[in-house]
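The values are calculated or read from the model by the stated rules, or taken from the named source; none is laboratory data. If you're wondering where the values come from, they're calculated on a predicted model, not measured in any experiment. Counting neighbours? That spans all protein chains shown, and the Cβs are built from the backbone with ideal geometry, glycine included. Surface areas here come from the heavy atoms of the whole protein model, side chains and all, with no ligands, DNA or RNA. Shrake-Rupley method; radii C 1.70, N 1.55, O 1.52, S 1.80 Å.
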Amino acid sequence: MPPVQAPPSQQLPAVQKLRVRFAKRGRLRFTSHRDFQRAFERAVRRAELPVAFSHGFSPHPKISYAGAAPTGAASEAEYLEISLTHERDADQVRAALDEALPPGLDVLEVVVAGPGALAERLEASEWQIALPGADPEAAAAAVRTFLEKDEILVERMTKRGLRSFDCRAAVLRLTVASEPGPVAACAILQVVLRHGTPAVRPDDVLAGVLEVATLPVTGPALLTRLAQGPLTTDTGTVEDPLARDRDANQATATGQADPRQTHTAEGDAAAPSVP
């Protein structure tokens, strides 16, 4: 895979960091994280963005990804950061990237990065789990049984082999939604998961529900991340991680903040990937 653009012999410094929210929809939910990285780098090249490169023997574009959803899950709240050598208008970058990416990988918002690390704001995720053929009342009973447990062990195959871990502790809120689901005749679970180690995914929660209760399901579950960001613990609400950046940009635009506080992405480190 060629780089986004040929890195110049004299590396230009990064002068602007942008934060991007994008969605994975439809069949593109089966795109792996590595597939998306390649697609995004091609989109950056097509959009002719002046991306900054790292220094060293093998320069690479300064693009960091935070909180990537697992392969097979749709998402309305994926995030990345990109550093540029020349300032660009955030709305124009959003339009250019969205046009360069295939339908289903949709750029929803681009903002200039304010102070603070984006990865540290991604404390929890809200997920929707659609269960084809499941009865909502039976799902509600299964959820009650799940929430009554202090610990529920599930197994998942990882890079280091089969691993057993508790899926209950990470669940901050689990309910059965009343609104219609994405497919006919299905039960909809909504779950808020705290990010941690080991990372508990929505399919782990579903495995835990099926471990403690009988819940007939006629097809594969459809997983969709609805939100990802800071956690309000008392309500179990996931907030918008880009809200602080918008506030910082607004303060700068109105002369109420020092514009030098915006990030220039020097010395960026890749953000950890947490489902």
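Odds and ends about this structure:
- Candidates per chymotrypsin sites (Phe, Trp or Tyr not before Pro) in the stretch 10-84, loop by DSSP, up to 14 other Cβ within 10 Å: Phe57
- In straight-distance terms, cross-link reach from Lys62 covers every one of the lysines whose alpha-carbon lies under 20 Å from its own, apart from those fewer than eight places away in the same chain; here that gives Lys17.
- Surface per residue (accessible, 1.4 Å probe) for the chain, Å²: 50
- A simple charge model with +1 on the Cβ of Lys and Arg, -1 on the Cβ of Asp and Glu and nothing else charged puts the dipole of the chain at about 820 debye relative to its Cα centre.
- Charge-dipole axis of the chain as Lys and Arg at +1 and Asp and Glu at -1 on Cβ define it, positive-most pick from Ala113, Pro61, Ala139: Pro61
- Under 5 Å between amide hydrogens, built in the peptide plane, is the criterion, and for His195 it picks out Ala124, Ser125 among residues at least 5 positions away or on other chains.
- Taking θ as phi - 60° and the Karplus parameters 6.51, -1.76 and 1.60, the scalar couplings of the stretch 70-81 work out to x, 4, x, 9, 7, 7, 10, 8, 9, 9, 8, 10 Hz in sequence order, x denoting glycine and proline.
- GluC sites (Glu not before Pro) lying in DSSP loop within the stretch 86-187, provided at most 10 other Cβ fall within 10 Å: Glu151
- Estimated distance in nm for a label pair at Val217 and Ser58, the labels positioned 7 Å out from Cα along Cα-to-Cβ: 3.9
- The share of accessible area on the stretch 123-231 that comes from carbon and sulfur is 50 percent, using a 1.4 angstrom probe.
- Whole-Hz ³J(HN,Hα) from phi, Karplus 6.51 cos²θ - 1.76 cosθ + 1.60, for the stretch 24-38, glycine and proline x: 10, 10, x, 5, 6, 5, 7, 6, 6, 4, 5, 4, 5, 4, 5
- Karplus-derived HN-Hα couplings along the stretch 245-255 (A = 6.51, B = -1.76, C = 1.60, θ = phi - 60°), whole Hz, x at Gly and Pro: 5, 4, 5, 5, 5, 5, 5, 5, 5, 9, x
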